[in-house]
Amino acid sequence: WMHVSHGNRLSVCNKICYAIGGAPYQITGCALGFFLQIYLLDVAQLDPFYASIILFGGRAWDAVTDPTVGFLVSRSPWTRFGRMLPWILLSTPLAVLSYFLIWYVPPFEDCKVVWYLFFYCLFQTLQTCFHVPYSALTMFISSEQKERDSATAYRMTVEVLGTVLGTAIQGQIVGMANAPCLPGPGDIVANMTNSLNSIGLNDSEPVISLEHTRKAYMIASGVICLMYILCALVLFLGVREQKESCRPRSEPMGFFQGIRLVMGHGPYAKLVMVFLFTSLGFMLLEGNFALFCSSTLGFRNDFQNILLVIMLSATLAIPFWQWFLTCFGKKTAVYTGTLAVVPFLITVVCLKSNLIVTYVVSFAAGVAVAAAFLLPWSMLPDVVDDFQVQNPESTGHEALFYSFYVFFTKFASGVSLGISTLSLDFAGYISRGCSQPKEVDLTLKLLVSAAPIALIIIGLIILSFYPINEERRQGNRKLLQEQRDSEADSETDSTELANIV
């Protein structure tokens, strides 16, 4: 019902509808990224070792699903709705159901681990069936690079808004029903006199039980499920997928042949490595920051607001990075944005626990988070164009490029969550403990500061070898436009010839 206006130009309405489709991935990803670890440890009350198996297993499963779905999408036939949109529509209902069941504590103890692992893996698979076609759709909403860049900017803004929504909905609903911590042996000795004096008072106050917290998690997931469905519908109804230009698609190829093809393209392999290391660093920070705020800094009742500040500042920073990127080039923007987070990561660990300082640091970190997560995405269409210039005979592989990119993000988060939860297990993490052993505090400091900084620096060193600069980008754009024009001319000629005959 909303047509593409004049040829390859996209209306603002089209761009907004396209952008809204990016929200479900970010809303659910953020809720899972920030809260799943704390939920499995403190609400479902799983052993940290089993929690690490679930967190890593779910993401490792994505190692299989992402490239597989990318491969299947690139071979799927054209329908009257397009090639990408049917995947998005059909995967949504089941994805929503499996997401809801991740946040439900089953009434049995024995197979809890199997329950969470199964529904987490199922959700990851179904969400991949949504997100890989959605990412590849960028190449099919318009053949104009400028229009695609503009639509990507809209998408970036909505995706960061999605992370804010995910953090806000989950954080605020769950934060209102935060079950009290359980004092450990040390806390009991220290607080013996206080607790004896306050026993009478506590009886009259409404105590938040673990059951309340469980219900709060389910309410939050219900709200997120509704948003997922709404966004999918807006995308499906508001975007018209364009059939590929007159150029014939090359023959479908085997799975491993596809991997060799995309990973064999130098600039793509380098960009993927940059993305792998920087996102691994930021995922470690994301996955452990809630625990770091509540356990090490002692802000048990404020951590959801701290997370919200990070995401809000990331949203506000998007227009700035968009401007910076056009003025100074994509590569400079990635360097500046990603390095900006380093001083703040050092500050939050070195300073004594101070709520105001933590809020200031969180705001500044959010600006860098926006750059680190979103700028590499803006570089991907350049790599796809570069590949098409160098391999004019090989077309229709966009879904493969995007699916491996998505896979590396998820692989990074799986590794980071698995490693960090295992580290906490070794350090002796106490589930719902009011205070943690010194080793747990030290481990959390390493996970939110030293490790991310090291990974970010490795990523930026690899970026220095990335070959596509502004000059090459403009050259590629010109060559592709010439190719399209000549193809359009030849098709016009053949149509006229056919008419004469």
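Summary table
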| quantity | calculated |
| --- | --- |
| Scaled radius of gyration (Cα, divided by 2.2 N^0.38 Å) that the chain gives | 1.04 |
| Centroid-to-centroid separation of the range 253-332 and the range 80-138 [C-alpha atoms, Å] | 22 Å |
| Computed lengthening from residue 482 to residue 218, 0.36 nm per intervening residue step minus Cα-Cα distance | 89.6 nm |
| ³J(HN,Hα) computed for each position of the range 60-73 - Karplus, 6.51 cos²θ - 1.76 cosθ + 1.60, integer Hz, glycine/proline x | 5, 4, 4, 4, 8, 5, 4, x, 5, 5, x, 5, 5, 4 |
| FRET efficiency, residue 243 to residue 359 (Cβ-Cβ, R0 56 Å, nearest 0.05) | 0.65 |
| Base-10 log of normalised Debye intensity for the range 265-484 (one unit scatterer per alpha-carbon) at q = 0.08, 0.12, 0.16 Å⁻¹ | -0.33, -0.68, -1.06 |
| Simple label model, 7 Å out from Cα along Cβ direction - residue 439 to residue 64, nm | 3.4 nm |
| Helix axis angle, 23-38 relative to the chain longest principal axis, alpha carbon, degrees | 30 degrees |
| For the chain: relative contact order, % (alpha-carbon pairs under 8 angstrom, 6 or more apart) | 27 percent |
| Segments 149-156, 388-395 sorted - mean Cβ within 10 Å per residue, highest first | 149-156, 388-395 |
| Solvent-accessible area per residue for the range 265-484 (1.4 angstrom probe, square angstrom) | 37 Å² |
| Farthest toward positive dipole pole in the range 265-484 [+1 Lys/Arg, -1 Asp/Glu at C-beta], among 338, 364, 413 | 364 |
| Size-normalised alpha-carbon gyration radius of the range 72-162, reference 2.2 N^0.38 Å | 1.39 |
| Helix-only CD estimate at 222 nm, as mean residue ellipticity for the chain, using -39500 (n - 2.57) per DSSP H run (n ≥ 4) | -25500 deg cm²/dmol |
| Lysine pairs within the chain, Cα separation less than 13 Å, 8 or more sequence positions apart or different chains | 4 |
| Computed lengthening from residue 104 to residue 393, 0.36 nm per intervening residue step minus Cα-Cα distance | 99.0 nm |
| Percentage of interatomic Cα-Cα distances in the range 357-410 larger than 15 Å | 60 percent |
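The values are calculated or read from the model by the stated rules, or taken from the named source; none is laboratory data. Note that the structure is predicted; figures quoted are calculated from it, not measured. All Cβ positions, even for glycine, are placed from backbone atoms using ideal geometry, and neighbour counts span all protein chains on display. For accessibility, only protein heavy atoms count, side chains too; no ligands or nucleic acids. Shrake-Rupley method; radii C 1.70, N 1.55, O 1.52, S 1.80 Å.
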